[in-house]
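A short write-up of the structure that comes next.
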Amino acid sequence: MTSQDKTAFVEFLQPIAALGLPVTAVMSDKQRTVLLAVAKVFPNALHGFCQFHYLDNAAEPIAAADEQMKIELRQGVRNAVGDLIRQKRPKKLRFLSLPACCPRLCPPFQHPPPCGSQKAR
């Protein structure tokens, strides 16, 4: 804020002070130029701060820091366990051989005879 802003606020408040009404308190959003203007025009008035604006102004940097923390946390988790939770794609199979009969009836490591054929005894 510039000194022009302070001047604008002083010019805004002076007609109110000229009414001669007792101003015992002023409420604002704690903007620096408003603080200076109120102190100049109403030097004996108490100055309170609007809780909505005060908390909103306080929450902005906290919300931004929280968002940044969430981003960093997600990135950290992905870097630490990403390979564990990501499914790797199987290599392309060119040929797949399946037993022609029930696998438990076939001896290990031997291809069973085709279905319908008689095995020589």
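Readers should treat all values here as calculations from the given coordinates under stated rules, not as data from a laboratory. None of the values given here were measured: they were computed from a predicted structure. Cβ: placed from backbone, ideal geometry, glycine included. Neighbour counts: every protein chain shown.
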Fill in the blank from the handout: The long-range amide H neighbours of SER28, using H built 1.01 Å from N in the peptide plane and a cut-off of under 5 Å, are GLY48, PHE49, CYS50
Exercise for the section: Determine the gain in length on full extension of the stretch ASP66-PHE52; use 0.36 nm per residue of separation and subtract their C-alpha separation, reporting nm with one decimal. Expected result: 3.0 nm
Problem - Distance in nm between pseudo-label sites at ALA59 and GLN87 (7 Å out along the Cβ direction from Cα) - result: 4.1 nm
Completion exercise
A chain fully extended from GLU11 to ALA45 at 0.36 nm per residue, minus the present Cα-Cα distance, gains in nm 10.5 nm
